Amino acid sequence: MNFITQLKPAETAADSFTEVFGDSLIIWAILGVELFFWLFLIGGLLARYVLKRRRLSTVLLIGVPVLDLVLVSLVVIDLHGGAIPNMSHVLAVLYLGFTVGFGHNIITKADAWFAVRFAGATQQVRPKNGPAYVREQWNDWLRMLTLWAICVPVLLIMKTLTTGWGDVELTFAGILNGDGFDHLFSTARILTIVVAIWFVAGPVYAVLFRSAPEQREQREQREQREQREQREQREQRR
């Protein structure tokens, strides 16, 4: 009896996991793709800056977008086989939108970090105010908008083709209250809210309160301080 009692929490947890993510292998495919994303990225940059093998680096970095195609293919095969969309499919869509919207920026920043760390490149100073800062905020928001533009239509199409809209109250109040809650519709709604909040807290705030350029003296002091910190960091690494 004690052994059976000890098994119940594990069985309950497994049942809860299956209820949310289903019994398909998509969730494990996502974890595998995410793992290989970082392996290909870090391996490609190590090959370029440490091993000086640019051809190997190019091959590994080309593998990064190929992973997206693999994941999309697995999701299509799973849904075509009759699987009902669940949270694992939602995560797959979010992963795809994230890699398209933010993937290039992540690779660029990682490449810049490796160049500073292993090739002696000068670290770029991020703007704190002024037009450059505003432009950076717009670019970040546009990346999020790209994620939204990919994920939301796909989620809504998946809902239309599977569960339909009979369970959703398509009114303003119903959408705000989450009437007819499911993983597909609620995720699309949350992404829309995030895009709106990001727009206000990012580019709008930057335009209204951070668009004035820094005073020349303040900018020079900041740049000198950051350059001094970079030199100290390089000396510590040696």
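Key figures for this structure:
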read-out	value
For the range 55-61, Karplus couplings with θ = phi - 60° (6.51, -1.76, 1.60), whole Hz, Gly/Pro x	5, 4, 4, 4, 4, 5, 6
Most to least packed among 149-156, 84-91, 28-35 [average Cβ atoms within 10 Å]	84-91, 149-156, 28-35
Separation of the Val50 and Ala149 label points, Cα + 7 Å toward Cβ, nm	3.7
Note, ³J(HN,Hα) from phi for the range 39-48, Karplus 6.51, -1.76, 1.60, rounded to Hz, x at Gly and Pro	5, 5, 5, 5, x, x, 6, 5, 5, 6
For Ala121, residues with placed amide H under 5 Å, excluding near neighbours	Val116
Lys/Arg +1, Asp/Glu -1 at C-beta; the range 15-124 dipole; positive extreme among Val64, Leu46, Ala83	Leu46
Three-way shape label, the range 25-174, alpha-carbon gyration tensor, a/c 1.5	oblate
³J(HN,Hα) computed for each position of the range 73-90 - Karplus, 6.51 cos²θ - 1.76 cosθ + 1.60, integer Hz, glycine/proline x	4, 5, 5, 4, 4, 5, 5, 5, x, x, 5, 7, x, 9, 5, 5, 5, 4
Charge dipole (debye, nearest 20) of the range 99-165; +1 at Cβ of Lys and Arg, -1 at Cβ of Asp and Glu	120
Label-reachable residues, the range 145-159, where backbone N falls under 14 Å from a point 7 Å from Ile190's Cα toward its Cβ	152
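Quick note: the coordinates plus some simple rules give every number you see, no bench work behind them. These numbers come from a predicted model, not from an experiment. For neighbour counting, all protein chains shown are included, and Cβ atoms are generated from backbone atoms with ideal geometry for every residue, glycine included.
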